[in-house]
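As structure tokens, the structure follows; a few thoughts come after it.
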Amino acid sequence: MEVQDQNAVGRWDGLCSRDPGSRAEALETTCQEVMRKVEAIDPMTAMAPLSSGNPPNSDLNDILVHLLMLSKRCPFEDVRDRCVQLLQDIQDLGIRIPRPLGNGPSRFIPEKEILQVSKVDTRTQSIFEDAFAALGRLDNISLLMGFHPQYLDSFLRTQHYLLQMDGPLPLHYRHYIGIMAAARHQCSYLVNLHVNDFLQVGGDQKWLNGLKEAPQKLQQLGELNKILAHRPWLITKEHIERFLKAEEHSWSLAELIHAVVLLTHYHSLASFTFGCGIMPEINCDGGHTFRPPSLSQYCVCDIANGNGHANHHDDLLGNQEMCGEVEVLMKRMKQLQECRDDEEASQEEMATRFEREKTESMLVVTAEDEDCVPSRDISRHFEDTSYGYQDFSRRGEHVPTFRAQDYSWEDHGFSLVNRLYPDVGQMLDEKFQLAYNLTYNTMATHKDVDTSMLRRAIWNYIHCMFGIRYDDYDYGEINQLLDRSFKIYIKTMVCSPEKTTKRMYESFWRQFQHSEKVHVNLLLMEARMQAELLYALRAITRYMT
Amino acid sequence: MEKMSRVTTALGSSAISGRTMFCHLDAPANAISVCRDATQVVVAGRNIFKIYGLEEEQFVEKLNLRVGRKPSLNFSCADVMWHQMEENLLATAATNGAVVTWNLGKPSRNKQDQLFTEHKRTVNKVCFHPTEVYMLLSGSQDGFMKCFDLRKKESVSTFSGQSESVRDVQFSMKDYFTFAASFENGNVQLWDIRRPDRFERMFTAHTGPVFCCDWHPDDRGWLATGGRDKMVKVWDMTTNRAKEIYCVQTIASVARVKWRPEKKFHLATCSMMVDHNIYVWDIRRPFIPFATFEEHKDVTTGIVWRHQHDPQFLLSGSKDSTLYQHMFEDATRPVDMANPEGLCFGLMGDLAFAVNDSLISSDANRKPYPGGDRRYPFFSFKRPNLTEQFAHVSSALSVFETDLDSNRMDWFVKTAQLYILSGKPFAELCDHNAKVARELKRPQVSTTWTMLRIMFSDPANMAAPASNLNLSKLGSLPLMNSFSMKEMGSGMGAESRLERSKGENRQDNIHLEPGNSLISNNNEENEETEGSDGPVENMFADVELDDDDLYSMEQDNQAEEQEYTLPQEAFQLRHEIMDNPSAPEHLQQDKADSPHVSGSEAEVTCLTPIESFSLISISQPLFSPHLPASFFCPIVREMLSYYAVQGDVQMAVSMLIVMGERIRKEIDDLTQEHWYMSYIDLLQRFELWNVSNEVIKLSTCNAITCLNQTSTTLHINCSNCKRPMSNKGWICDRCRQCASVCAVCHHVVKGLFVWCQGCSHGGHLEHIMNWLKSSAHCPAGCGHLCEYT
């Protein structure tokens, strides 16, 4: 009856409302409820005041953690304030309250550089509110993308459509595919996020024990997931055929497209997550602690992202060393623009440049394994852990170069997706264009710079790593514009994102702003998604003809 | 006209002839173009650049322009065009951004003439000026269009589209200075080649990229565009604003569009994805392609009409590495496969019927629809100016209006609502229903009802055999006081009364709650009526004790069922058992017979006990003189079937219900069930939920009665621990607390629990009813305005 009958999720729902009245009401009931619970367990904690970091009532803990998340991340000021106050009250009662581990949504970027939920322009605010209303949370990814509200809007819309709106696949399948895709890159952040969602839409807990427990139909997807994530150029129409002709476990074309879009979306999102060093959500494992902050030990992450008291000596030094970097880059761009007409490379030269860039990308060694221990055992979500990115141009196996002019997103991919999964083609198209064309005409401190050349170089470099060649591009430009540390970063992020480190993030483009680095990440993410999609869609097209 | 004659002479001299034929290319083609005299065709692609001669029976390879050991990207062609004035001159657009011209007159093997590398991105399209020899136009992915003078080394002017990607450029056939360009963002721009600074005009033609455009060869103002949005649009450019005059919706994105020579309204299209066919459309009939060529196995990339004044030959190149010449007479005509007839119901029950004239003329005198009132040709058109191949298509559309009265279903609704099916003596029911039918101007139905009444009952013989049977059973009781009679009546199926009696019962229970006085009361009464039931009572008393001393056994039983419940039927039957402990075996028999028939009959007797006594006493003698009711049964059965066959299943079912036992056995169960189902379905379509529910209740088919028991389960959670309550409705197994407490009296509710769907507070039905009579607010004090209806 009454309030009690609603489950915990229901209670948080009211807080997502855009209407301040109903929000206040929901807030009030929540407060009462929480206080009642707190009072109920009060004596127990009083008896064992300093036991462990684990107060007895885990139910209450979940609520407290959620409150903490709301107090930090809710786009509505009233909710934030009330939650802070409530937490304070609870603490005054002698209950241990959690605190966030690490500061801010990213390990790489100091919190003060990132948009504060409380201080955003109206447009971003409304996007945040929408996202919060739809999901009941504002994840760290959205916060970082908040640097580029235009893109964020399109991104969230697409993601929402893929996960929540009408589509060929059932809801829990979608989240499960998301988990599969993210697990391929050992991205515990995304896995955690979607495990929760998966359970919430009624997914079977058993499936989470591994792909083997999932239905046959999803198991088939494992192979595609693997290839798509690491070596998409190996996808053939035979793969597609196997999906569509698997008797009772067979997929329809529409379902397959949906799955492919989801897979590529989460592969590339995993890249972004690692590339920006996204921290676990406050209300997920590893995002908070009940341990009181002790003066002697700082959280490692705090120091790492400059949130602690550590000074940025090395950073300053670095800046001095590299101070000419931006200027050099701009000069090169200018030169390229001017020289283009005079010094026209021969056709053979052009062809070899692509090959060279391809082989060279091979030599860009991704960093050695550093410690990255996934908090949840995510390896069980995928099989064949040894399967990873392999350089496209390996000796021995010859895979023909993918000619962008023969199968492009605009002409071919779009039509296919839109035909089988209406509206998604349009959304992806918009998102790709936004990402590709996004510019503020600035570079670091310089204004009015035409960055199209740089953006195109990055985009094409990523496609080059996947063996996609543009006839009309001079791959020599890449060498001119992208220095080695940047290339290492790109390659790591795109091919094996789990190996991205803070050092890599910091060592490229040292003078650029964080928002610009996030911009680069968006570009990388979209380019990667498009590359994977192109291969998958081409295979489907070939199957269909 | 003058031009036309010139054409024929030109045609006459070159005498084009041929057949549908194809040849294999070594590689996928991207574009094709023909030379002016229609004797040769050039095919260009990423790995192919060849000229084929068009001969009578076959393609003959004339020249391979792709020379050199390691051909550069300049040979990777996105587009090719053969000059229409100078037959040695070709231009190609390369994927690497180069524009190349070729001179076939060159003596060397390499025919490359000029190379322009001004574009930064892939060049999508090249176009020669139709009349000017040295003028070449190109459109590129970088958003620029460039105009080249072939006598110079570089472009003479550059046009900036101010947006990404030019997909097509086309010189106007008629306006010397004008060209059109289509863009990836959906726009089409019109330019004057003398003014490179600004476009003359721009409009948005499609959503998404416009892949192609083509000027009408004869009409100065028409421009056809095709886009990724699967549309072909024809624009009239003569007015100030470009006006869309025709629009054809295809099934895939449109990659190329080419007007058919000599046919003002025809154009050919092909797609770059999924669909491999080439379609020729008559733009005035945008729904079905006029002709289709289905030869290609992969997407068609280039189409071109072989001669600019000959509509019969179409050449096409494809990704499947073939080059085809299609003859128009070999094309598939989808129209032939189209259904020549169409039939559609209108909102108000009108029927429209369109048919090809040729089909209808043969039996024009036929009256196609017996009920149709009028038939008028709605529209019919002939198209005399359409010169060829269109069989004179004309069709007639007939609309059959049903006159409003006969077609309305009002009578159905009214009848359903007004008919009384139970709760009154048979004769009254028949009379009432006859009256209803009469008022709705359905004399036949009305008469039928009246006849039924006469057949099965007459004033002297109100009780039909079935009820006699019943009563005789009851008659074995030595005495019947009014109380038990009433109970019998309600138990046997008159719903309205059942409700009431339930209420009464409860009231009693509540009033008498503390002591088990009700039971004793009952006992007394029962003992008065039927001493043999004593043991049953005792058993009940035992049951009562084992749970909770406070509550009487009736309530227990009620609660037991109401936990899950509320299927009316089940309820009713169990109620009988409970409320009439005196006569369980009777009930069994009643059930075996027809509870509902006997119900209505019993009513007759029970409503006024005195009468019933008299009936019992006199029914036997009065029965014999009359014709036995079964005498009529075959006729009635036939009549019911007749109504059902006529579509008036309402009548069939209504009579079935009203007559009940008298006729039920005459008709097999399956048929009955079928009728019931149809009628219930109809009722539900008219949203007559109440009536449909009543019919379900009154029906005697098991399959029907169980309809009301589907999805009537109610799961309850404990209000304390929020776990589902598995066992009993009022006590939670886990937290050992009474869950459902009446908001008024604060006692546990074990019987009927009524609660507000708004605030979910509730309690004893009786209490809540009383409370809400005096107050509008929820008794729990939550402030909700509850309502009891």
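The values are calculated or read from the model by the stated rules, or taken from the named source; none is laboratory data. Keep in mind the model is a prediction, meaning the values are calculated, not measured. Neighbour counts are summed over all protein chains in view; Cβ atoms, including those assigned to glycine, are modelled from backbone coordinates with ideal geometry.
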Problem set entry | Filter result for the condition that a residue is closer than 23 Å to B:Lys146 by Cα and modelled with pLDDT under 85, over B:Ser5, B:Ser72 | B:Ser72
For this session: Could you please find all residues in region B:83-104 being away from chain A (no Cβ under 14 Å) and assigned to a loop (DSSP other than H, G, I, E, B)?
Result: B:His83, B:Gln84, B:Met85, B:Glu86, B:Glu87, B:Asn88, B:Leu104
Seminar exercise, completed: Filtering region A:515-545 down to residues that are at pLDDT 90 or above and among the aromatic types (Phe, Trp, Tyr) yields A:Tyr535
Exercise. Can you spot a residue in region A:415-432 that is away from chain B (no Cβ under 14 Å) and either over 26 Å from A:Pro232 (Cβ atoms) or under 17 Å from the mean Cα position of the chain (by Cα) (or both)?
Worked result: yes
Exercise. What number goes with the only condition from (1) assigned to a helix (DSSP H, G or I); (2) over 27 Å from B:Lys120 (Cα atoms) that A:Ile458 does not pass?
Worked result: (2)
For this session: Can you tell me which residue among A:Arg455, A:Arg419 is within 23 Å of B:Glu164 (Cβ to Cβ) and either touching a Ser or Thr at 6+ places or on another chain (Cβ under 8 Å) or without any contact (Cβ under 8 Å) to a residue 40 or more places away in the chain (or both)?
Result: A:Arg455
For this session: Would you mind finding the one in B:Ala434, B:Ala396 that is crowded, with 18+ Cβ neighbours inside 10 Å and modelled with pLDDT of 80 or more?
Result: B:Ala434
Exercise. Among the residues of region B:40-82 satisfying the criterion of being under 25 Å from B:His129 (Cα atoms) and in a helix (DSSP H, G or I), which is farthest from the other protein chains (Cβ to nearest Cβ)?
Worked result: B:Phe75
Exercise. What are the pairs, 6+ residues apart or on separate chains, where a residue within region B:197-219 that is of a type in the set (Ser, Thr, Tyr) has its Cβ under 7 Å from a residue that is in a strand (DSSP E or B)?
Worked result: B:Thr204/B:Asn187
Exercise. If you go through region B:238-248 one residue at a time, do you hit one that is under 14 Å from A:Ser415 (Cβ atoms) and under 31 Å from the mean Cα position of the chain (by Cα)?
Worked result: no
Exercise. Of the residues that sit in region B:207-222 and are within 14 Å of another protein chain (Cβ to nearest Cβ) and surrounded by 19 or more Cβ atoms within 10 Å (Cβ to Cβ), which one is farthest from B:Tyr176 (Cα to Cα)?
Worked result: B:Gly208
For this session: Working only within region B:170-225, note down all residues that are touching a Pro at 6+ places or on another chain (Cβ under 9 Å), of a type in the set (Gly, Ala, Ser) and closer than 16 Å to B:Met145 by Cβ.
Result: B:Ser172, B:Ser182
Exercise. What residue, among those in region B:207-232 that are part of a loop (DSSP other than H, G, I, E, B) and under 30 Å from B:His309 (Cβ atoms), is modelled with the lowest pLDDT?
Worked result: B:Arg220
For this session: Only residues that are more than 14 Å from chain A (Cβ to nearest Cβ) and without any contact (Cβ under 8 Å) to a residue 24 or more places away in the chain: list them for region B:248-286, please.
Result: B:Phe265, B:Arg285
Problem set entry | Those residues of region B:162-206 which are more than 14 Å from chain A (Cβ to nearest Cβ), buried (at least 22 other Cβ atoms within 10 Å of the Cβ) and in a loop (DSSP other than H, G, I, E, B), in sequence order | B:Ala205
Exercise. Hey, A:Arg510 hits all of (1) within 29 Å of A:Leu224 (Cα to Cα); (2) at pLDDT below 80 but one; which does it fall short on?
Worked result: (1)
For this session: Take A:Tyr475 and decide whether it is touching an Asp or Glu at 6+ places or on another chain (Cβ under 9 Å), in the same structural domain as A:Leu438 (by the TED database) and at pLDDT below 85.
Result: yes
Exercise. When you look at A:Asn225, is it in the same structural domain as A:Cys464 (by the TED database), buried (at least 19 other Cβ atoms within 10 Å of the Cβ) and part of a helix (DSSP H, G or I), yes or no?
Worked result: yes
Exercise. Say we look at region B:105-137 and pick out the residues that are more than 14 Å from chain A (Cβ to nearest Cβ) and assigned to a strand (DSSP E or B); which of these is nearest to A:Arg469 (Cα to Cα)?
Worked result: B:Val126
Exercise. How do the pairs read when you match residues in region A:530-545 that are within 11 Å of chain B (Cβ to nearest Cβ) with residues anywhere that are surrounded by 20 or more Cβ atoms within 10 Å (Cβ to Cβ) and among the hydroxyl-bearing types (Ser, Thr, Tyr), using Cβ under 8 Å and keeping only pairs 6 or more apart or on different chains?
Worked result: none
For this session: Test A:Asp450 against the criterion of being crowded, with 19+ Cβ neighbours inside 10 Å and either within 10 Å of chain B (Cβ to nearest Cβ) or outside any helix (DSSP H, G or I) (or both), and give yes or no.
Result: no
